[in-house]
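Here is the structure we will look at.
The values are calculated or read from the model by the stated rules, or taken from the named source; none is laboratory data. Bear in mind the structure is a predicted one, so any value in this text is a computation, not a measurement. Cβ: placed from backbone, ideal geometry, glycine included. Neighbour counts: every protein chain shown. When the accessible area is computed, the model is the full protein with side chains, heavy atoms only, and any ligands, DNA or RNA have been set aside. Shrake-Rupley method; radii C 1.70, N 1.55, O 1.52, S 1.80 Å.
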Amino acid sequence: MADIRVDVDLSHPATRVWRALTEPRLIGQWFGETDMVPRIGSQFQLRPTDMPGFNGPVTAKLLEYGEPRRLAMEWRLDRVQTLVIYEVQPTDAGSRLTLHQSCFVNQWYDEHREQLEETYEHVLTGRLPAVLDWLAFSEVDLAAPAEPDGTGSDADRGGTAVVPGRGGARRARSTGPLAALWGNRRVAVLAGVVAVVLLTVGLVALFASGGDDAPDGAAPTSGSVPNLPAPQATTDATTTSPTPLPRAVPPAPTGSPSVSPSGSPRPSASGAPAGAAAVPLEAEFNRLSTSAFGYRGEVTVDNPGGASARWSVTITLTDAGTVTEASGAQYTQDGRTVTFTGAAVPANGSARFRFDVGGESMFGPKRPSACTIDGRPCSGL
């Protein structure tokens, strides 16, 4: 019976992800109540909340506690005993979380294993990012003055830095994109109120349906969550204007090259001889990170042919998602369909663009439902 392995890219630093994996209060918000004690050899219980594949409490034992990178446990559920390993690796966009589960006493039924895989995918791309987003907001110190340039060690990920306080004490100060606003006290208070309102609304669906207790400081509520734009992540490329370029049709093969009065082959518009055969472009989708209401995606366009060619990539979003930002391409959106275009890709070359999607369902798949390049499917979905 094959093992279960799930990889998830998260837009949060490894230290924050580690807290969500090991602090009982936080585990209770995205997985289930637990009395876990961070001590090797300790035994505890996990009580998953509304998770298919778990029909009762899990009896667990902590085998390895390698903060903040590796956590190993033994899980016993009914007749099956498994080894569960969490691994957290830092990435440019935040961190990558890998869950690996394997049986060592008895085995899963095929249906049971499929249920667990779907549950892990749902929880690690929906509930866990929502808790991490809440945790990031809770780490912001509204009273802390901003640095003159508003920068910090974790500026792109909303991290914290430890700085001296009054009386020699040390406190955490936000170094994320919002840090530059905190210098003005009135703006800081307004930003805090907005953050609390958005946070409260976003937690409705997460905690009301399963009956979980809300995180400290947030009251449980009930109702539906409107589609709100996800916090936009910064990119390392310049965003271009959303005006698509006209799509160029590669030249058709001819029986013989056209000859100019000088006797040399006439070059085509793409810079290659007019007789060069067109080779279809290829594209691959890759999800870089996720958040409570969206994700960041990347598409790589490859040109294996002998002539440069323009391209057009079409992404079909799910639910009410919206592209909020893109770099490396121009785009237009019509309903759920988003069309990206860019400069011609040289022969045997490649191009890459990234885009952020917000406004999706909190528990959505966090990826497009379809991707095509010039009408042909992309790989990676």
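So the values come out like this:
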| read-out | value |
| --- | --- |
| Matching residues in region 305-325 - criterion: being farther than 20 Å from residue 348 by Cβ, of a type in the set (A, V, I, L, M, F, W, C) and buried (at least 21 other Cβ atoms within 10 Å of the Cβ) | 315, 317 |
| Members of region 340-357 found to be surrounded by fewer than 21 Cβ atoms within 10 Å (Cβ to Cβ) and within 23 Å of residue 290 (Cβ to Cβ), listed by number | 352 |
| When residues of region 60-94 are limited to those that are part of a strand (DSSP E or B) and small (Gly, Ala, Ser), the one farthest from residue 9 (Cα to Cα) | 60 |
| Residue that is modelled with the highest pLDDT, among those in region 299-324 that are of a type in the set (Gly, Ala, Ser) and assigned to a strand (DSSP E or B) | 312 |
| Residue, most open to solvent (accessible area, probe 1.4 Å), within region 40-92, restricted to residues that are of a type outside the set (S, T, N, Q) and touching a Cys at 6+ places or on another chain (Cβ under 9 Å) | 83 |
| Selected residue (only one of 296, 367, 354 is touching a residue at least 40 places away in the same chain (Cβ under 8 Å), closer than 26 Å to residue 122 by Cβ and outside any strand (DSSP E or B)) | 367 |
| Residue count, region 24-33 (criterion: surrounded by 20 or more Cβ atoms within 10 Å (Cβ to Cβ) and outside any helix (DSSP H, G or I)) | 2 |
| Residue within region 7-23 that is modelled with pLDDT under 90 and either among the acidic types (Asp, Glu) or not in a strand (DSSP E or B) (or both) present | no |
